[in-house]
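Participant: One structure is given below, represented as structure tokens, and several questions about it will come after.
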Amino acid sequence: MNDWTLDEVSSLLKNHSSGLIYFYTPLCGTCQVASRMLHVIENLVTIEIGKINLNFYQELAKKFEIESVPCLVFIKEGEAVDMVYAFQSVPFLYEKIKQYFN
């Protein structure tokens with residue numbers, strides 16, 4: 001999972017692409033656990049997953065109305081269709097992803 005820039009997020013949205021954007025902050029312990037879960041998920045799915053350090057991209061927090069971190073935003077055809085704040089387990093995340101991206 002690569003760190004994305006504002007340009008990469010903008011490109012995903014403008015091109016009406018699909019993917020997952022993981023918002024985190026480096027000092028958040030819960031974010032570190034969520035990151036490990038997403039590293040496992042990354043090997044199970046073909047959908048593109050990028051991560052954004054919210055400390056540097058506060059305008060994205062406003063755009064997506066992010067309430068807290070960690071936050072996983074589901075982008076389908078350039079639109080945010082869902083958000084997950086509670087990263088319950090790898091199987092939970094995997095099933096949630098499969099709902100949107102078969």
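Participant: Using R₀ = 25 Å, calculate the FRET efficiency as 1/(1 + (r/R₀)^6) where r is the Cβ-Cβ separation of Leu44 and Ala86; round to 0.05.
Facilitator: Working: r = 19 Å, r/R0 = 0.77.
Using R0 = 25 Å, I get an efficiency of 0.80.
Participant: According to a simple spin-label model (label point 7 Å from Cα along Cα-to-Cβ), what is the distance in nm between Ser10 and Thr30?
Facilitator: The modelled label-to-label distance comes out at 3.1 nm.
Participant: Where Lys and Arg each count +1 and Asp and Glu each count -1, what net charge lies around Val90 among other residues with Cβ under 12 Å from its Cβ?
Facilitator: On the way: positive: Arg36, Lys96; negative: Glu42, Glu95.
Around Val90, the surrounding residues sum to 0.
Participant: Also, quick follow-up: Please name whichever of Leu20, Phe64, Leu44 sits farthest to the positive end of the charge dipole of the chain, dipole taken about the Cα centre and charges placed at Cβ: Lys and Arg +1, Asp and Glu -1.
Facilitator: Working it through, the farthest residue towards the positive pole turns out to be Leu44.
Participant: About the Cα centre of the chain, what is the dipole size in debye to 20, counting +1 per Lys and Arg Cβ and -1 per Asp and Glu Cβ, all else neutral?
Facilitator: Numbers: 8 positive and 12 negative charges, 35 e Å.
Dipole magnitude for the chain comes out near 160 debye.
Participant: Lysine pairs in the stretch 28-102 with Cα distance under 17 Å, only those 8 or more apart or on different chains: how many are there? Please list the in-between numbers first.
Facilitator: Details: Lys51/Lys62; Lys51/Lys63; Lys51/Lys76; Lys63/Lys76; Lys76/Lys96; Lys76/Lys98.
Within the stretch 28-102, the lysine pair count is 6.
Participant: Based on DSSP, what percent of beta bridges with both residues in the stretch 2-100 are antiparallel, to the nearest 5?
Facilitator: Values: 10 of 17 bridges.
Looking only at bridges with both residues in the stretch 2-100, the antiparallel portion is about 60 percent.
Participant: For every helix of n ≥ 4 consecutive DSSP H residues, a contribution of -39,500 (n - 2.57) applies; sum these over the chain, divide by its total residues, and give [θ] at 222 nm rounded to the nearest 500 deg cm²/dmol. Present the calculation step by step, with values, prior to reporting the outcome.
Facilitator: Details: 4 runs with 41 residues, N = 102.
-12000 deg cm²/dmol, from helical runs alone.
Participant: Match the structure shown to one of the listed values [x] 29, 16, 8; [y] 28, 18, 12; [z] 18, 17, 12 of semi-axes √(5λ) of the Cα gyration tensor in Å, computed from it, and give that label.
Facilitator: Looking at semi-axes √(5λ) of the Cα gyration tensor in Å for this model, the match is [z].
Participant: Lone cysteines in the chain, defined as no other cysteine's Cβ under 4.7 Å from theirs: which are they?
Facilitator: Cys71
No lab work stands behind these numbers, since they all come straight from the coordinates. Keep in mind the model is a prediction, meaning the values are calculated, not measured. As a convention, Cβ positions derive from the backbone with ideal geometry for all residues, glycine included, and neighbour counts pool all protein chains shown.
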